[in-house]
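Remarks on the structure that follows.
The values are calculated or read from the model by the stated rules, or taken from the named source; none is laboratory data. Model, not experiment: these values are computed from the prediction. Don't worry about glycine lacking a Cβ; one is built from the backbone with ideal geometry, like all the others, and counts go over all protein chains shown.
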Amino acid sequence: HDACDFIIDHAAASSLTRISTPWLVSECDWNDKLIKGASIWLSEKLNKAILKLTNEDYNEHGMGNLVAEIGSAEHINLIVFNQLQRTITGWPGGKPNADDSQRPERKDPYPKTSLIFSPHPDDDVISMGGTLLRLVDQGHEVHVAYQTSGNIAVFDDEVIRFLDFAKDIQKDNSALLEQFKKVREFIDNKKPGQVDSPEIQNFKGLIRKGEALAACRYCGVKEKNAHFQNLPFYETGTVKKKPYSEEDVQITYDLLNKVKPHQIFAAGDLSDPHGTHRVCLQIIYSALDRLVEEKAEWINDCYVWLYRGAWQEWDIADMEMTIPIGPMDMERKKSAIFKHQSQKDSAMFPGNDQREFWQRAEQRNTETAEKYNALGMAEYEAMEGFVRYKFN
């Protein structure tokens, strides 16, 4: 229509030129974040390392007033180069006995208590497996909270396979045999789109719980530090979930108060097909807001880091901490992902990307390292990026 107004929020407008690259539209009020984003954009556009950009490069791409304001391209380049370099650390829990004034994480206390929230039972190793392994290797007390059971993402055949095993182990258990017969009959007569019985939903959740525990053991996370929250909003047996409730927030609030972490890692990739990641993050935010309101003492010494992985990645300009992953650690990360057998080969809900989750994770982490390398940073095998959420 010739007279149509579009009313959109900042996220919906993020790809518009005047939001993503405002210097191409008009003069900007420059701040550190905008300078960083503009220089990275220019570096990628011209295929030049940050330190090789010239006054002419900036002038020809709408940033003449930035050069006039800062003084020279060399000065701008150094500012951005140093910002990028300070995001890179091999110590996601902070490096003890080191100057932490230019590091993304604090050196004290050491070791830290780290709590990783995983919306589904495999998001922790898919999205930040390299960082998780590094935290364990460096002696931190790592907890993982699996927010949902993930039961709808398990194929019926997996249930039959596990029940066949249980039946052969306990051949004389008449109750188990009767249960197996009942479940098999339900699956054999199941119609497309039919909701699983509560019994089968429970079995599927137990399958994913076992896989998550296997991944924890492989990574060195203590089994007692694996928390299976099974948040109620998820337990509908269908793709469509319930709105989250006070019960979901209370479960998360109680866990936070029990663990009292020095750092929290949570999923910030909001593009998973059915919105579970988004809801899980909102629940965490609600619990944190309550803790801040109540002035919980430990919350003042807690950093919250948001990761992405299976569905999307942070822009380089947004990353505030990046963890380099070497070739051996990338293999370890993939091995941890492989522990989730029910999600391997063919995931139930792959979204628009038909590749396996380990392939997506490897490609994203490798691409991040390549982008940092192209900007003039050290060349790494792969990298995992994080953005800090400041709640107080």
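Numerical summary
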| item | result |
| --- | --- |
| Elements of type helices (runs of 4 or more DSSP H) in the range 151-267, at least 2 residues being buried (at least 16 other Cβ atoms within 10 Å of the Cβ) and assigned by TED's automatic domain parsing to the domain that holds Arg134 | 198-219, 246-259 |
| Residue selected from the range 278-321 under the condition charged (D, E, K, R) and not in a helix (DSSP H, G or I), by the criterion surrounded by the fewest Cβ atoms within 10 Å (Cβ to Cβ) | Lys295 |
| Residue within the range 279-287 that is among the small types (Gly, Ala, Ser) and modelled with pLDDT under 90 present | no |
| Sole exception among (1) surrounded by fewer than 16 Cβ atoms within 10 Å (Cβ to Cβ); (2) at pLDDT 85 or above for Tyr372, by number | (1) |
| Odd one out for Asp164 among (1) closer than 30 Å to Gln194 by Cα; (2) modelled with pLDDT of 95 or more; (3) out of contact with any strand residue (DSSP E or B) (no Cβ under 6 Å at 6 or more places or on another chain) | (2) |
| Output for the range 21-74, where each listed residue is of a type in the set (Ser, Thr, Tyr), touching a residue at least 12 places away in the same chain (Cβ under 8 Å) and over 23 Å from Arg86 (Cα atoms) | Thr21, Tyr58 |
| Test set (1) surrounded by fewer than 17 Cβ atoms within 10 Å (Cβ to Cβ); (2) in the same structural domain as Lys33 (by TED's automatic domain parsing); (3) over 25 Å from Gln359 (Cβ atoms) - Pro111 fails condition number | (2) |
| Any hit, the range 132-142, residues being modelled with pLDDT under 90 and buried (at least 16 other Cβ atoms within 10 Å of the Cβ) | no |
